[in-house]
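Written below as structure tokens is the structure these notes are about.
The values are calculated or read from the model by the stated rules, or taken from the named source; none is laboratory data. All of these numbers come straight from a predicted model, not from anything done at the bench. Here Cβ is always computed from backbone atoms with ideal geometry, including for glycine, and neighbour counts include all displayed protein chains. Areas reflect the complete protein model, heavy atoms only, side chains present, ligands, DNA and RNA absent. Shrake-Rupley method; radii C 1.70, N 1.55, O 1.52, S 1.80 Å.
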Amino acid sequence: MNSRLVRFLVGAWLPILLIWLWWTLSADSTNPYWPPLEQIWQRFLELWVFEQVPIHVLPSLRNLFIGLAIGVSAGILIGAHIGLSNLAARFIIPVVDFIRSIPSIALIPIFIVFFGLEGEMRIAVIAFATCFPVLLATNQGVRSTDPTLLDTVRALRFSPFQILWKVRLPAAGPQVFSGIQLSVLIGFIVMIGSEILGAGFGIGAFAKITADSFLIVDAWTSTILMGLLGYVIYLIFRAVERFVLRWYYAANKLEM
Amino acid sequence: MSVIKRFPPALISMTVILLLWQWASGLESMGSMLPSATTTLSTLWTSLQQAATWQSIGITLLQGAIGLVLGVFIAVPVGLLLGLSRFGYYSTQFTLNFLRVIPPIVLIPILLLILGPTSQMAVFIVAWPVFFIMAMQTAYGVRDTDPVLLETMRCYRLGVARQIFHARIPSAAPFMALGLRICVVVAVLGSTVAGLIGGAPGLGQDLYYAESLGLTAETFAIVMLLGIIGMVISRLVEWAQPRIVFWTAGSRA
């Protein structure tokens, strides 16, 4: 057997065992809160492959994507400029520190006050909440560029603009991505939270409404769907990170 | 520059923001959406003089603390065992990582059915991510023990128990400390989220009521209060960490 197969088998036996246990132990369950997994699975196929996906999943993912795109770009731009100026950092970082200390979910009520319950509020709150981890990580990363490298490119008469975009930001890449990873997680949490509080459409809203109306099997399917979505979004993030930072992984001979 | 030397920049930027806020709240287009900075601060001040506010703060922190302790106490032995066994470590990596990257907020609708809007629900919401973070950090740290140190201990015929308590656990401690630092923040967050989204008691629930009743000054005041609590807690953790795992001060974690 080759090593990839062994690695797959070692990683796979536990989740398979857990799902099998859940399936058999819940098979004859009459407890209304713990319906048989088989029933949940059938309902899952009915709902999410793919009848309800355009109504409840795609708008959520669209909001998350737009919000993240705005938040991450703003975070990188602001963070890079703060990273270049000690004066700006001394004024802005304390404020950022304070805003970041607020649990991101708690920002939702404030955004509801301004934007109401619909799509714009969800995008705005995702963009706002995801901006700060990237901003701080970029600030840190841009500051810690190797001084020898900076002296070299200055001697080569790179313009400050070139230094920022071709030297400082790429060198900060790994740190920026650790900020983005946190942002993606926060974005997903805020997305679900804004749907549960905002009601209407969206996967979080579907879960809340079905749970409130005691459609327990439906609520279970949406819980599983949200879990899978969370993991898929994490995998997509990893793939993007590895693509953008391929030079870093190659240079450090890290396992891809 | 002389102004900057006399006053801390943080104070100046806070003042500027408060002045801007005060000015913006007076604008016609804002209507009654944005309470003024002075109204919000005085609301915050009066609410801090009420016992109910402190009770909410206490419940929020207590739920977080119980969930944190529960999660850590289950996770550390599990992580230790997984770190000692190569097979155990690699078998659980995928499962633990899968469950770790799923935020516990997705469980709230189902937990509301099973546990209701209670403190138990909040404790569960806190303990869930704490368990996965701490189990993975502990297992990783235990595996990271210097192999030369372990070989040396074996040569001196020091038993497995000694190896665990004098080499493995001290080596895992900085990783566990880093995990714990993340978990403290996660705990306050989880306790608030459980209140705001799931209706568990505490500041999250207060925030939900303030928002749904349209009490904008109260809404802003509670959000500010949450920010202050978050800041105090992260400063405390930053202060405490090097004093608890003192033998690794200034190193990687």
Only one residue in B:133, B:125 is open to solvent by less than 50 Å² (accessible area, probe 1.4 Å), modelled with pLDDT of 85 or more, of a type outside the set (S, T, N, Q) and in contact with a Pro (Cβ under 7 Å, 6 or more places away or on another chain), so which one is that?
B:125
Restricting attention to the stretch A:144-166, which residues are assigned to a helix (DSSP H, G or I), surrounded by fewer than 16 Cβ atoms within 10 Å (Cβ to Cβ) and not β-branched (Val, Ile, Thr)?
A:147, A:149, A:150, A:151, A:154, A:155, A:160, A:161, A:162, A:165, A:166
Taking the conditions exactly as written (out of contact with any His (no Cβ under 8 Å at 6 or more places or on another chain), within 12 Å of residue B:143 (Cβ to Cβ) and among the small types (Gly, Ala, Ser)), does residue B:58 satisfy them or not?
no
Go through (1) surrounded by fewer than 24 Cβ atoms within 10 Å (Cβ to Cβ); (2) under 27 Å from residue B:186 (Cα atoms); (3) away from chain B (no Cβ under 14 Å) one by one and return the number of the condition residue A:118 breaks.
(2)
Qualifying residue in the stretch A:224-238 (condition: in contact with a helix residue (DSSP H, G or I) (Cβ under 7 Å, 6 or more places away or on another chain) and away from chain B (no Cβ under 14 Å))
no
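One line per residue, one yes/no per condition, for (1) farther than 29 Å from residue B:81 by Cα; (2) touching a Phe, Trp or Tyr at 6+ places or on another chain (Cβ under 9 Å):
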position: B:163; (1), (2): no, no
position: B:167; (1), (2): no, no
position: B:171; (1), (2): no, no
position: B:181; (1), (2): no, no
position: B:186; (1), (2): no, no
position: B:199; (1), (2): yes, yes
position: B:209; (1), (2): yes, no
position: B:212; (1), (2): yes, no
position: B:234; (1), (2): yes, no
Condition (residue is at the interface with chain A (Cβ under 7 Å from one of its Cβ atoms) and within 19 Å of the chain's Cα centre (by Cα)) applied to the stretch B:208-217: is it met by at least one residue?
no
Would you pick out the residues in the stretch B:100-134 that are within 9 Å of another protein chain (Cβ to nearest Cβ) and assigned to a loop (DSSP other than H, G, I, E, B)?
B:101, B:102, B:103
Selection within the stretch A:23-40 - away from chain B (no Cβ under 13 Å) and part of a helix (DSSP H, G or I)
A:23, A:24, A:25, A:37, A:38, A:39
For residue B:220, only one of the following conditions fails: (1) within 21 Å of residue A:196 (Cβ to Cβ); (2) within 11 Å of chain A (Cβ to nearest Cβ). What is its number?
(1)
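Matching residues to (1) over 16 Å from residue A:176 (Cα atoms); (2) within 14 Å of chain B (Cβ to nearest Cβ); (3) of a type outside the set (Ser, Thr, Tyr); (4) touching a residue at least 40 places away in the same chain (Cβ under 8 Å):
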| position | (1), (2), (3), (4) |
| --- | --- |
| A:77 | no, no, yes, no |
| A:85 | yes, yes, no, no |
| A:124 | yes, yes, yes, yes |
| A:151 | yes, no, yes, no |
List the number of the failed condition for residue A:167; all other conditions in (1) within 14 Å of another protein chain (Cβ to nearest Cβ); (2) over 30 Å from residue A:124 (Cβ atoms) hold.
(1)
Hey, does the stretch A:232-247 have a residue that's assigned to a loop (DSSP other than H, G, I, E, B) and either out of contact with any Gly (no Cβ under 8 Å at 6 or more places or on another chain) or open to solvent by 20 Å² or more (accessible area, probe 1.4 Å) (or both)?
no
If residue B:145 satisfies every condition in (1) part of a helix (DSSP H, G or I); (2) at pLDDT below 85 but one, which is the exception?
(1)
Which residues, taken from the stretch B:198-225, are open to solvent by less than 10 Å² (accessible area, probe 1.4 Å) and assigned to a helix (DSSP H, G or I)?
B:198, B:203, B:204, B:207, B:210, B:219, B:221, B:223
What helices (runs of 4 or more DSSP H) completely inside the stretch B:1-99 contain at least 2 residues that are of a type in the set (Val, Ile, Thr) and open to solvent by 60 Å² or more (accessible area, probe 1.4 Å)?
B:9-25, B:37-48, B:51-84
Test for residue B:172: is it surrounded by 24 or more Cβ atoms within 10 Å (Cβ to Cβ) and either outside any helix (DSSP H, G or I) or within 14 Å of chain A (Cβ to nearest Cβ) (or both)
no
Among A:92, A:110, A:126, the single one that is open to solvent by 30 Å² or more (accessible area, probe 1.4 Å) and in a helix (DSSP H, G or I) is A:92
Give the number of residues within the stretch A:206-221 that are open to solvent by less than 20 Å² (accessible area, probe 1.4 Å), within 18 Å of residue B:197 (Cβ to Cβ) and more than 7 Å from chain B (Cβ to nearest Cβ).
1
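For (1) at pLDDT 85 or above; (2) open to solvent by less than 30 Å² (accessible area, probe 1.4 Å); (3) β-branched (Val, Ile, Thr); (4) assigned to a helix (DSSP H, G or I), each residue gets a yes or a no:
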residue: A:42; (1), (2), (3), (4): yes, no, no, yes
residue: A:46; (1), (2), (3), (4): yes, no, no, yes
residue: A:61; (1), (2), (3), (4): yes, no, no, yes
residue: A:67; (1), (2), (3), (4): yes, yes, no, yes
residue: A:72; (1), (2), (3), (4): yes, yes, yes, yes
residue: A:83; (1), (2), (3), (4): yes, yes, no, yes
Pair list, Cβ < 8 Å and 6+ apart or interchain, from the stretch A:1-25 residues that are exposed (fewer than 13 other Cβ atoms within 10 Å of the Cβ) to residues that are not polar (S, T, N, Q)
A:19/A:37
In the stretch B:101-122, what residues are of a type in the set (A, V, I, L, M, F, W, C) and within 21 Å of the chain's Cα centre (by Cα)?
B:101, B:102, B:105, B:106, B:107, B:108, B:111, B:121, B:122
Step by step: first the residues of the stretch A:168-194, then only those that are among the small types (Gly, Ala, Ser) and under 16 Å from the mean Cα position of the chain (by Cα), then the one that is surrounded by the most Cβ atoms within 10 Å (Cβ to Cβ). Which residue is that?
A:194
